[in-house]
């Protein structure tokens, strides 16, 4: 899932945080982010490559859910597709279309392993399927969202749906429904969406669900009993997104700090952010309180630095400005992403790779052998990086 990434800035201003008084939420200050850099071996100790079956060509990946037995992918023109954990195609769970039980939107979804159901956000509703692809029912959401919920999660037996303010009609930060569609709890919003290029993120960690949008200065945390609190605050300054913003040009937008994605692991907090001519990751170690940045010099439009964590595990690729997801299983934690076979093959045949010295030389040999076994036109490869 597009978990989208802010970082726990614990205790020291050099990590971009102002020391909070009396246990109040930490304040994230982008003008105090450190310049120390980090590589993949600083946060991870293993990497695995999973080639994805070519039965259905990948054309636009919206979101991914990994379970102990399966990999589910929302694809732009197909719908929700199920694979086994080795990347073998199993079936299409929910198809795109305009007929009964078909999707028009379907960007985000969540898998309930207990009930073996899949819940998919769509225009004015959530569609419910079995993990074998039977459409069960629709849950109406038009009372809460102008078009479709921007993200979906499970909290116990309740569905969490949220809105980042992408549409002019912005009524709720989030709602919780039971699985029949009955409203359980909601947080209304006074934020005013102008309908211009809004951003937000939501993620789940350790049972709590986190939410923020670019129009306010708060990252909220919602516990399983539906109590919410301010978990983090963004510092005030001229770099904050104006609440009455009317977009004049894309260049003007670079003046404002934009948190794009956030997720959390047992040891780290990740933030993907954009400000001025840089888009980068900020990665904070919860134990040591040390924070780092990760990016590479790369011109893209008005940006001169793009987010990337240098891969010194096997000297393979780390995606530049692509979706990075979080997954945990049996006590192990992973960040996951896709790489193109064409780009991977080109990379391993280049001088930079051939002359590189990885932390694990055998893994470099394995990667080169794996890349050479691929065709350039194969589907993307799923990469699972095990975190320390």
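Rule-based calculations on the coordinates, nothing more; no lab input. Owing to the predicted nature of the structure, the values given are computational and were not obtained by experimental measurement. Using ideal geometry, Cβ is built from the backbone for each residue, glycine included, and neighbour counts are taken over all protein chains shown.
Quick one: pull the percentage of alpha-carbon pairs in the stretch 50-193 with a separation above 22 Å.
38
Stretched out fully, how many nm does the piece from residue 67 to residue 362 gain, at 0.36 nm a residue minus the Cα gap?
That works out to 103.3 nm of additional length.
DSSP beta bridges in the chain, what fraction antiparallel, as a percent rounded to 5?
The antiparallel fraction comes to roughly 95 percent.
Suppose R0 equals 45 Å; then what is the FRET efficiency for residue 372 and residue 24 from their Cβ-Cβ distance, rounded to the nearest 0.05?
Rounded to the nearest 0.05, the efficiency is 0.25.
Taking all pairs of distinct Cα atoms, average 1/r, flip it, and tell me the Kirkwood hydrodynamic radius of the stretch 325-388 in Å to one decimal place.
Result for the stretch 325-388, one decimal place: 13.1 Å.
State the extension gain, in nm to one decimal, for the chain segment bounded by residue 76 and residue 59, taking 0.36 nm per residue of separation less the distance between their alpha-carbons.
Difference between extended and current length: 5.5 nm.
Tell me the label-point distance for the pair residue 298, residue 92, using the 7 Å Cα-to-Cβ offset, in nm and rounded to one decimal.
Label-label distance for residue 298 and residue 92, simple model: 3.2 nm.
Enter the Cα centre distance for the pair the stretch 247-297 and the stretch 212-245, rounded to the nearest angstrom.
15
Suppose R0 equals 45 Å; then what is the FRET efficiency for residue 289 and residue 102 from their Cβ-Cβ distance, rounded to the nearest 0.05?
On the way: r = 49 Å, r/R0 = 1.09.
It comes to 0.35.
With the crude spin-label approximation of a point 7 Å out along Cα→Cβ, what separation in nm comes out for residue 182 versus residue 332?
Reported label-point gap for residue 182 and residue 332 is 4.2 nm.
At 37 °C and a viscosity of 0.692 mPa s, what translational diffusion coefficient does Stokes-Einstein give for the stretch 33-387, taking Rh as the Kirkwood radius over Cα pairs? Give it in µm²/s as a whole number.
Once the numbers are plugged in, D ends up at 152 µm²/s.
Going 7 Å from the Cα of residue 171 in the Cα-to-Cβ direction, what parts of the stretch 94-123 have a backbone nitrogen less than 17 Å from that spot?
In the stretch 94-123, the label zone of residue 171 (backbone N under 17 Å from the point 7 Å along Cα→Cβ) covers 122-123.
Shape call for the stretch 218-363 from the C-alpha gyration tensor, a ≥ b ≥ c root eigenvalues: rounded (a/c under 1.5), prolate (a/b greater than b/c) or oblate?
Oblate, since a/c reaches 1.5 and b/c is not below a/b.
So if each residue of separation counts as 0.36 nm, and I subtract the Cα-Cα distance between residue 342 and residue 48, what length gain in nm does that give?
Separation in residues times 0.36 nm, less the Cα-Cα distance, equals 104.0 nm.
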